[in-house]
1. Which of the lysines could be linked to Lys6 by a straight reach, that is with a Cα gap under 21 Å, when you skip same-chain ones fewer than 8 residues away?
2. Placing +1 on the Cβ of each Lys and Arg and -1 on the Cβ of each Asp and Glu in the chain, which of Ser24, Ile64, Gly46 has its Cα farthest towards the positive end of the resulting dipole?
3. Pull out a ≥ b ≥ c, the square roots of the eigenvalues of the alpha-carbon gyration tensor of the chain, then state rounded if a/c is under 1.5, prolate if not and a/b is larger than b/c, and oblate in the remaining case.
4. With the contact rule set at Cα under 8 Å and sequence spacing of 6 or more, what percent relative contact order holds for the chain?
5. Tell me, what HN-Hα J-couplings in whole Hz come from the Karplus equation 6.51 cos²θ - 1.76 cosθ + 1.60 at θ = phi - 60° for each residue of the range 25-37, using x for Gly and Pro?
6. Accessible area per residue, 1.4 Å probe, Å², for the range 10-70: what's the number?
7. Trypsin sites (Lys or Arg not before Pro), restricted to the range 1-47: which are DSSP loop and have at most 11 other Cβ atoms within 10 Å?
8. Using a Förster distance of 35 angstrom, determine the FRET efficiency expected from the C-beta separation of Ser24 and Val70, and round it to 0.05.
Amino acid sequence: MYRIVKETNQLTGRIQYIIERYASYFFYRKWTRDLDIEGANGNIGGFTLEEAQRKLAVIKSGEITTKEVV
């Protein structure tokens with residue numbers, strides 16, 4: 001399960017949308033920003049809601065990287 005969270009920096013006024021995943025282990029349940037995606041470290045999202053929604057659709061599809069034989 002995923003969700004998009006809107007963060008507003010109160011000092012600069014910058015808005016950022018971040019994708020979070022629901023992690024549950026036995027009695028340990030929380031929302032985490034560690035999405036376990038190959039080659040992606042840190043927060044994944046965007047500065048617009050549309051960009052974050054597009055990236056979430058790619059994550060849900062499971063096709064993160066494409067390979068092309070040349």
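1. Hits, sequence-local ones excluded: Lys30, Lys55, Lys60.
2. Of the options given, the answer is Ser24.
3. Cα axes put the chain in the oblate bin.
4. 24 percent.
5. Rounded to whole hertz, the list is 10, 6, 9, 9, 10, 6, 8, 10, 9, 7, 8, 6, 10.
6. 84 Å²
7. Those that pass, being in a loop and sparsely packed, are Arg14.
8. 0.25
The values are calculated or read from the model by the stated rules, or taken from the named source; none is laboratory data. A quick note: this is a predicted structure, and the numbers were derived from the prediction, not measured. Glycine also receives a Cβ, built like all others from the backbone with ideal geometry; neighbour counts cover every protein chain displayed. Each accessible area value is taken on the protein alone, full model and side chains, heavy atoms only, with ligands, DNA and RNA left out. Shrake-Rupley method; radii C 1.70, N 1.55, O 1.52, S 1.80 Å.
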